[in-house]
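Rule-based calculations on the coordinates, nothing more; no lab input. It should be emphasised that the depicted structure is a prediction, and the values quoted were computed from it without experimental measurement. With ideal geometry, Cβ positions are generated from the backbone for all residues, glycine too; neighbour counts draw on all protein chains shown.
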Amino acid sequence: MAARTPAKGDNLRHQALALEKAIRRIVRANDVQSRAVAKQCGLTSAQLVICRGIHELGEVTTTALSAYADLSAATVVTVLDNLEMRGLIERYRSLADRRIVHTRLTETGRTIMAKAPRPLGEAALKRLKALDADARRGLVASAAHVADLLERDVPEQAAPPAGQPLAPARSAR
């Protein structure tokens with residue numbers, strides 16, 4: 001019996017399965033690294049990224065942090081609320097425009113950031129550094145491309161059509 005040559009669809013199916021497997025491995029590795037970071041410095045990955053953004057950008061607005069971390073402004077505000085409750089950051093209104101709120105690290109926040117690990121992890125950074133510059137650029141471009149492919153499938157806002165209520169009306173009992 002002759003070996004079966006894969007049809008065009010089989011090749012795509014196998015490639016899609018291989019991509020899904022690679023993404024699961026990345027997610028699992030990220031979860032393990034996130035737990036290690038939290039154990040080491042007491043911050044979640046999102047908190048660490050936000051604190052690093054404040055550390056690198058200085059006194060900063062939520063909008064700038066949102067762009068830095070590639071997180072929604074609502075998520076950034078939630079993270080900032082938690083960090084403020086823990087005394088790691090402080091927020092204050094601009095003297096020039098009271099509508100603008102700035103964020104800065106407290107002394108406690110700066111102390112934690114001085115000791116905090118990189119979110120990616122030292123081992124991964126060491127392996128990344130071992131790659132030549134072209135390979136690093138290609139890897140970053142490919143990862144960004146995968147993220148773009150995945151994000152296109154996620155609806156921006158699951159809003160009902162105009163004129164329809166957000167939730168079904170409850171029946172009166």
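Worth pointing out:
- Whichever residue in the range 102-120 is surrounded by 12 or more Cβ atoms within 10 Å (Cβ to Cβ) and among the charged types (D, E, K, R) and, among such residues, is farthest from Val27 (Cα to Cα): Arg104
- Of the candidates Arg24, Arg98, the single residue that is farther than 23 Å from Ser142 by Cα, surrounded by fewer than 11 Cβ atoms within 10 Å (Cβ to Cβ) and out of contact with any helix residue (DSSP H, G or I) (no Cβ under 6 Å at 6 or more places or on another chain) is Arg98.
- All positions within the range 38-62 that are β-branched (Val, Ile, Thr) and over 16 Å from Gly121 (Cα atoms): Ile50, Ile54, Val60, Thr61, Thr62
- Close pairs from the range 76-105: first over 12 Å from Gly53 (Cβ atoms), partner crowded, with 16+ Cβ neighbours inside 10 Å and of a type in the set (Gly, Ala, Ser), Cβ under 8 Å, at least 6 apart: Gly87/Gly109; Leu88/Gly109
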